[in-house]
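J.: Structure below; questions to follow.
Any read-out appearing in this document is the output of simple, stated calculations on the displayed coordinates, not a laboratory observation. Predicted model only: the values in this text are computed from it and were never measured. Here the Cβ is made from the backbone with ideal geometry for all residues, glycine too, and neighbour counts use every protein chain on show.
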Amino acid sequence: MKNPSLRDRFVSRLIEYSKKNKNLFLLTGDLGFSVLEPFREENPKRFFNMGVSEQNMMGVAAGLSLEGNKVFTYSIANFATSRCHEQIRNDICYHDLDVTIVATGGGLAYGAHGYTHHGIEDIAIMRCLPNMTIYVPSDRFELDFCFDKILQNKGPKYLRLARGKESDIYQKPIPENIDIVEIEKCSEITLLVCGPILDQAIECSKHFKNKGINIGLYSLPIISQSLSLKIKRLLGRSSIFMTVEEHKNIGGFGSFISELAIGMSRPPRIISCGVSPKNINSIGNQEHLRKINKIDKSALIKTISKLLRTL
Amino acid sequence: MSKSQTLAIQLKKDVVNMLNRAQASHTGGCLSCLDIVSVLYQEILNIKPNKPKSPNRDRFILSKGHTGAVVFATLANKGFFPKSWLDTFCENESKIPGHIDSHGILGVELSTGSLGHGLSVGVGMAISLKYRKTKANVIILLSDGEMNTGSTWEAVMFASHHKLNNIISVVDKNKIQSFGRTKEIIDLDPLGRKWKSFGWKVYEVDGHNHKKLKETFLRAKKSRTKPVVIICDTVKGKGIKDMEDKLISHYRPPTDEETKTIMEEIK
């Protein structure tokens, strides 16, 4: 049987949970065609298409949550974060409410649609909000891992999906008691990766492994201040870390790691690889845009090769 | 004199004192909605200080959060928290800031201060109340300047589409916003017809007439299919002669002399 896509997996997990939890509501900003219908059929009274009204959607989500409900909203990354940022800030985050903002199109997944659809600032503007935890799964196994944590977390959450059809990276479920997934042990140069760009980092790491060089590799699908200690411990184990993300290299995952490193007495060197602000006019498919922004496998190999020559 | 009028007199005294002591702004908007809030808490809302989180309570949201002083004074007078707290209005580490805040305060449903948020949150509450078959109302007090916000109209359309007859919006139409008259900035009129065309049941009433306000609220609670809006014609800065219907009332706190005059009048 074909593996379900991330989006389908998300909806089936939501339906499964809604059967046990009658306080679960799902709101969509008029998106989710051919994805959300099964939830609507299963829970007609707990599903609302809010129309193209993201500000109202976030306010309504806050109101539902204030009444003790667990609320999910669904939209495309920029519509779900930028357009309604103040509602998320004041109504959801300040009141520390159980609302999960689910976004598709995180990163460059909708590359050919143009800048309006490039979700490349979303982590930056969500990360600075109070009580917010961010989840960026790279495949369906990380999605399951994140989803279990989302069900337990009673505060504001941002679940960033990409196209939602990403191939499997892992072969088996991720144990729930870890927050940082070790793929290759820490080495002199270690990659820290957030989101579906993990596939490129894995290819890059394999390339060096075949040459007998170990490049460390960790996936961090959760961005939260609560992980500070664990991350700092990891940062203390090597001298060079390269962060890789499909997000602007301002304010996102790389900035999160750098901010933690700054607080260390002997911080490692952090090299942040992300989308360059210079390239925002570039249009093309995800593969093309990853290449332009030097976050594809070949570019990562090149960057690491250069670094290795300096060691 | 009705009970709500007695409450209004007490609130006026408390609010003017609070604003004067803190040298805070928004005197005009506080005084324009003071009678509305008095009637709501005295005659309409089912909210009890000993059961502030009761599932059956009515939900009241002050969407025009800049007039939080009126609601704080009301809650203190109704026994939700000690009246001495009013003396700390806007002070360092006070529980009661210039814009209404629900943190650490019983009886406040939502912290507001940026316009255009309250109605959407109220809609979320109304959906949940209907889902649970709870017969409580959600009452949201909005400003007329707030009618400029697109988010409010998003919520207006949504509420009528879903026939949320458990919502009562109240617009404090004092006709002056931050930087001029509403008529000169973005003319709202005919405001009632606008709401009506968006599918709401509309009442227009003198926002300082307690008897009329009470009657209208009671009628509004009986709506069967539509959400209701009550547009209250009010006077910004009502009760302070030099502030009535003047833009400056949006910014200026009551002077010591005005405060003294109000206290003497009330005696």
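J.: For chain A, what does the relative contact order come out to in percent, with C-alpha contacts under 8 Å and a separation of six or more? Could the numbers behind the result be given before it?
T.: Numbers: 623 pairs, mean separation 48.7, N = 311.
It rounds to 16 percent for chain A.
J.: Another question, then. How high is the relative contact order of the range A:181-310, in percent, with contacts defined as C-alpha pairs under 8 Å that are six or more residues apart?
T.: Details: 208 pairs, mean separation 34.5, N = 130.
For the range A:181-310, the relative contact order is 27 percent.
J.: Taking the simple approach of a point 7 Å from Cα along Cα-to-Cβ for both A:Lys154 and A:Asp30, what is their distance in nm?
T.: Taking the two extended label points, one gets 3.6 nm.
J.: Let me know the Rg and Dmax you get for the range A:6-160 when you use only its Cα atoms, in Å.
T.: 14.1, 41
J.: Also, I was wondering about something else. With springs only between Cα atoms under 10 Å apart, run a GNM on chain A and tell me which of A:Cys273, A:Cys128, A:Cys204 wobbles the most.
T.: A:Cys128
J.: Exposed loop GluC sites (Glu not before Pro) only (DSSP loop, at most 15 other Cβ atoms within 10 Å): please give the longest stretch of chain A free of them, not including the sites.
T.: On the way: sites that count: A:Glu176, A:Glu188.
The longest uninterrupted stretch comes out as A:1-175.
J.: Neighbour counts of other C-beta atoms within 10 Å: give me A:Met264, B:Met125 arranged from fewest to most. Before the final figure, lay out each step's value.
T.: Working: A:Met264 11, B:Met125 27.
Starting with the residue having the fewest Cβ neighbours, the order is A:Met264, B:Met125.
J.: For B:Lys267, go through the aspartates and glutamates and keep the ones whose alpha-carbon is under 14 Å away, minus same-chain ones fewer than eight residues off.
T.: Leaving aside aspartates and glutamates fewer than 8 places away in the same chain, those within reach of B:Lys267 are B:Asp14.
J.: I've got another one for you. Under the rule of -39500 (n - 2.57) per DSSP H run of 4 or more residues, summed and divided by the residues of the protein assembly as shown, what mean residue ellipticity at 222 nm is obtained, to the nearest 500 deg cm²/dmol? Kindly include the intermediate steps, with their values, before the conclusion.
T.: Numbers: 20 runs with 212 residues, N = 578.
Theoretical 222 nm ellipticity from helices: -11000 deg cm²/dmol.
J.: Relative contact order, percent, of chain B when contacts are C-alpha pairs under 8 Å separated by at least 6 residues? Show your work: numbers first, answer last.
T.: On the way: 532 pairs, mean separation 64.4, N = 267.
That works out to 24 percent.
J.: Using 0.36 nm per residue of separation minus the Cα-Cα distance, give me the extension gain between B:Glu257 and B:Tyr131 in nm, one decimal.
T.: On the way: separation 126, 0.36 × 126 = 45.36 nm, distance 5.23 nm.
Using 0.36 nm per residue and subtracting the Cα-Cα distance, I get 40.1 nm.
J.: Have a look at A:Ile197, A:Ile292, A:Ile92 and tell me which one the Gaussian network model of chain A (Cα, springs below 10 Å) gives the largest fluctuation.
T.: With Cα springs under 10 Å in chain A, the top fluctuation among A:Ile197, A:Ile292, A:Ile92 is at A:Ile292.
J.: Still on this structure, please answer the following. What angle, in degrees between 0 and 90 and rounded to the nearest 10, separates the Cα long axis of helix B:256-266 from the longest principal axis of the Cα atoms of chain B?
T.: 70
J.: Counting other beta carbons within 10 Å of each residue's own, what order do A:Lys209, A:Lys248, A:Lys20 fall into, fewest first? Walk me through the intermediate numbers first.
T.: Working: A:Lys209 13, A:Lys248 22, A:Lys20 8.
Result, fewest neighbours first: A:Lys20, A:Lys209, A:Lys248.
J.: Let me know the longest stretch in chain B that avoids all GluC sites (Glu not before Pro) found in a DSSP loop with at most 13 other C-beta atoms within 10 Å. If you can, show how the numbers build up before the last one.
T.: Details: sites that count: B:Glu91, B:Glu93.
In short, B:94-267.
J.: Could you work out, residue by residue across B:126-133, how many beta carbons of other chains sit within 10 Å of that residue's beta carbon, and then give the average as an integer?
T.: On the way: counts 4, 10, 11, 2, 1, 8, 5, 0.
Average neighbour count from other chains, rounded to a whole number: 5.
J.: Taking other Cβ within 10 Å of each residue's Cβ, how do A:Ile262, B:Ile230, B:Ile168 sort, fewest first?
T.: Values: A:Ile262 9, B:Ile230 23, B:Ile168 28.
Result, fewest neighbours first: A:Ile262, B:Ile230, B:Ile168.
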